[in-house]
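A short worksheet on the structure shown next.
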Amino acid sequence: EAGVAQSPRYKIIEKRQSVAFWCNPISGHATLYWYQQILGQGPKLLIQFQNNGVVDDSQLPKDRFSAERLKGVDSTLKIQPAKLEDSAVYLCASSRGSGRDLNEQFFGPGTRLTVL
Amino acid sequence: AQSVAQPEDQVNVAEGNPLTVKCTYSVSGNPYLFWYVQYPNRGLQFLLKYITGDNLVKGSYGFEAEFNKSQTSFHLKKPSALVSDSALYFCAVRGSGTYKYIFGTGTRLKVLA
């Protein structure tokens, strides 16, 4: 099966600019996750969708970050405006189930964002 | 609040020797525990998980992990290390009352030939 797709793979922007990342999960996977991984740290969950509803966004900086998953398939994550500390790899993952989904997560290759 | 700790930034082991990568956690309610591995230039991959039942869980590539409730630990083990096991390993936890996953900071495993 095709894996989780993300684009772009790399992005360089200046602070205060906007940026958007796209993710297409594995076909049929109900749950989609966005993580931020800063160099030297573990992934930090930003937002978790089940189908097109949000089940956790407690760590999403809502003043500048937004995400949507229209039609319960692909998803976009936006940062507006970007700050220097947003430099990180943004990972998208998906998993099969819904409800109390405890299935393994399949990760995409990530988007490496550099904010200058 | 949920948390997970990987106390060792790096673990070195000789090929053929047993390896252990440590993980301790803190959650409210029952813990759901996971190990993921990140090989160079590749994405995170699932290794194994503990949800309920037998404390010893077996996963991919010969890895296993032991859930110890009294010590709140979930250490990753392998009886005989391979050079190809060299990678970055992440422990993750989710409490039974939440959807949120918390990942540790990672442990770099280096297996020496």
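Points to keep in mind about this one:
- Residue exposure proxy: A:Lys15, B:Lys100, ordered by other Cβ atoms within 10 angstrom of their Cβ from fewest to most, comes out as A:Lys15, B:Lys100.
- Take every pair of alpha-carbon atoms less than 8 Å apart whose residues are at least six positions apart; their mean separation over the length of region B:1-108 yields a relative contact order of 37 percent.
- Å³ per residue enclosed by the Cα convex hull of chain A: 95 Å³
- Pairs beyond 28 Å (Cα-Cα), from A:Lys11/A:Lys62; A:Lys83/B:Lys49; A:Lys78/B:Lys58; A:Lys44/B:Lys69; A:Lys15/A:Lys62; A:Lys15/B:Lys110: A:Lys83/B:Lys49; A:Lys78/B:Lys58; A:Lys15/B:Lys110
- Overall form of chain B per C-alpha gyration tensor (a/c, 1.5; a/b vs b/c): prolate
- Taking other C-beta atoms within 10 Å as the exposure proxy, A:Trp22, A:Trp34 rank A:Trp22, A:Trp34 from fewest upward.
- Residue order, fewest to most surrounding Cβ atoms within 10 angstrom, among B:Arg108, A:Arg100: A:Arg100, B:Arg108
- Residue mean of other protein chain beta carbons inside 10 Å, B:94-101: 4
- Once you divide the Cα radius of gyration of region A:1-68 by 2.2 N^0.38 Å, the number left is 1.20.
- Just so you know, the Cα atoms of the protein assembly as shown work out to an Rg and Dmax of 17.6, 51 Å.
Every read-out reported here was derived from the displayed coordinates using simple, explicitly stated rules and does not represent laboratory data. If you're wondering where the values come from, they're calculated on a predicted model, not measured in any experiment. Note that we place each Cβ from the backbone using ideal geometry, even for glycine, and neighbour counts take in every protein chain shown.
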